[in-house]
1. Sorted by average packing, counted as other Cβ atoms within 10 angstrom per residue and highest first, what order do 146-156, 17-27 take?
2. What is the percent of Cα-Cα separations in region 109-150 that go past 13 Å?
3. With just the Cα atoms of the chain, tell me how far they stretch along each of the three principal axes, in Å, largest first.
4. Please figure out what share of the DSSP beta bridges in the chain is antiparallel and state it in percent, rounded to the nearest 5.
5. To make sure I understand the rule: partners must be aspartates and glutamates, Cα under 18 Å from the Cα of K173, and not fewer than 8 residues away in the same chain. Which ones qualify?
6. I want to check the label-to-label distance for A203 and D171. Put each point 7 Å from Cα in the C-beta direction and report it in nm to one decimal.
7. Just tell me, in residue order, which DSSP H segments of the chain are both 15 angstrom or longer along the helix axis (alpha-carbon based) and at least 1.6 in mean Kyte-Doolittle hydropathy.
8. What's the FRET efficiency of D69 with V110 using the Cβ-Cβ distance as r and R₀ = 25 Å, to the nearest 0.05?
Amino acid sequence: MTEPKYKRILLKLSGEALMGGDAYGINRQTIAEIVAEIKAVVDLGVQVGVVIGGGNIFRGLAHASNGMDRAQADYMGMLATVMNGLALQDAMRAAGIVSRVQSALNIEQVVEPYIRGKAIRYLEQGRTVIFAAGTGNPFFTTDTAAALRGAEIGAEIVLKATKVDGIYSADPKKFADAVRYDRISFDDAIAQNLAVMDATAFALCRDQRLPINVFSIYKPGALMRVVLGENEGTLVVC
């Protein structure tokens, strides 16, 4: 049996990742493929926490939020992450993964509230924990929630799953000469304004000495290679 490099990870999964090729919403085939990648890691004995975004739902309704109070719009986005968390949990159930959804907003009829000690206990029992509703506060992104939850549960690394296979010196879709970094420091990523995660998330991970690996969730086997410590995506370190 291959030995993973990390025992406990925090996976940041954007809502957009669940869309597949659709304009908005959840593509069932795409979510099943993502869950299959997660299951392969879980089967190695890795403890997995997941922070889920809500862009696939809320940005589909973005025209409705124009001119809206920012805090109100952020709460709508948090509710979208709860919907995604439930969809992800259902897909995990179908794949044989035991999971729990914890929400930073109190919606006990639907999901249980976020309680740090209970989340850690679930992880120790081999259950995957899906963290929804961001930090529970407006003005903070789900990237920041990933950094926060990663630090709280004692994750060894935050894995940022994106549509691209790492951090580039420029947008690779616009600039053919863009170079992908294998490894970069937090300070350099912040100084160069490499907008893969927001500055608050970068700073929190830097202060907690919590590394980040940015990789493509659409690249088969990429999550497994990251967990095994192979050169995949971009590693951000102190």
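Just so it is clear, none of the values below were taken in a lab; they were calculated from the coordinates. Everything numeric in this text was worked out from a predicted model, so none of it was measured. Cβ: placed from backbone, ideal geometry, glycine included. Neighbour counts: every protein chain shown.
1. Per-residue mean Cβ counts within 10 Å order the peptides as 146-156, 17-27.
2. Counting every Cα pair in region 109-150, those more than 13 Å apart make up 57 percent.
3. Extents along the principal axes: 50, 48, 35 Å.
4. Roughly 15 percent of the beta bridges in the chain run antiparallel, per DSSP.
5. Cα-Cα hits under 18 Å: E16, D165.
6. Each label point is offset 7 Å from its Cα along the Cβ direction, giving 2.6 nm.
7. Correct list, ordered by number: empty.
8. 0.55
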